[in-house]
Amino acid sequence: MKTSIHALFFILLLIGCEKEIDTTFLITKDAIGKLDKISLTRDLEIIYANDSIVKDTTYINASNNSKKIKIFEKGGKQLLTLTPNSDSIPTIENIRIEDSRFVTDKGVGLKSTFKDIKDNYKIRKVITSMNNVVLLLKDSDIYFTISKDQLPSSLRYASSVNIEAVQIPDDAKIKYMMVGWD
C-alpha cells in the first residue's frame, strides 16, 4: 500500500512538472533567441549584456545610427548580424542568422536542406539573382538564400532563367538564413 502511494505520488509529480523550453536559440514568429520583434536598438546592450556587440564604425562616425550590428557570444562566435530600421526610435528590421544553433520552432536552421524547408513551410516565391536563389515563405518573416552552386549545372550559369522551387534539389544547402521584420 505504501509503495503504491509513493508510486502514485511520483507519477503525479512527473505529470505536474512541465518541461521548460530553452529559447536561447529558438526562432519563432516574434522572436529570435533573446531578441523580439519590438526590441529597440538602444536596448541591445541590455538584451546582450553577457555577449559582445560590434557596430559598424563607418556609420557610427557619420551619424548616430549604426548600419550593421554584429552580436558575438563571449568566446568570439558570431550569433547574429542586425540591421536597424531608420525610424526615430529604431527597432531591428533585418536579422541574418550566423550561428547554426538557431533553429525555427519547426527545426529548420542553417544546417538544414531545401527538403527541410519545403517539408515544413509553404514557399511563396523564389527570387533568382546572379549567384543565388532566395526563398520567401508564406506566413513567415524568415527567408532563405541558396547558392546557385547547389543547383544543377543547367541552372547554375543561366542568369536570365527564373528558377522555380521544383527545380531546386532536395539536398541543396542553405547559404543564408534571414528574418525581415517590418
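For L137, which sequence-distant residues (separation of 5 or more, or a different chain) have an amide H within less than 5 Å of its own amide H, given hydrogens modelled in the peptide plane?
Distant-sequence amide H within range of L137: R124.
Whole-Hz Karplus ³J(HN,Hα) for segment 103-118, in order, using 6.51 cos²θ - 1.76 cosθ + 1.60 and θ = phi - 60°, x for Gly and Pro?
9, 6, 5, 9, x, 8, x, 4, 8, 7, 10, 4, 4, 4, 5, 5
Using only the Cα atoms of segment 86-181, build the gyration tensor, take square roots of its eigenvalues as a ≥ b ≥ c, and label the shape rounded, prolate or oblate: rounded if a/c is under 1.5, else prolate if a/b is larger than b/c, else oblate.
prolate
Assuming R0 = 30 Å, what is the FRET efficiency of T23 and E93, from their Cβ-Cβ distance, to the nearest 0.05?
Numbers: r = 22 Å, r/R0 = 0.72.
It comes out at approximately 0.90.
Over 28 Å between Cα atoms, which of K55/K106; K37/K122; K70/K122; K68/K175; K74/K118; K67/K118 qualify?
Where the Cα-Cα span goes over 28 Å, the pairs concerned are K55/K106; K70/K122; K74/K118; K67/K118.
The numbers here are math on the coordinates, done by the rules we state, and not lab data. Everything numeric here is computed off the predicted structure, so don't read it as measured data. So basically every Cβ, Gly included, is an ideal-geometry build from the backbone, and we count neighbours across all protein chains shown.
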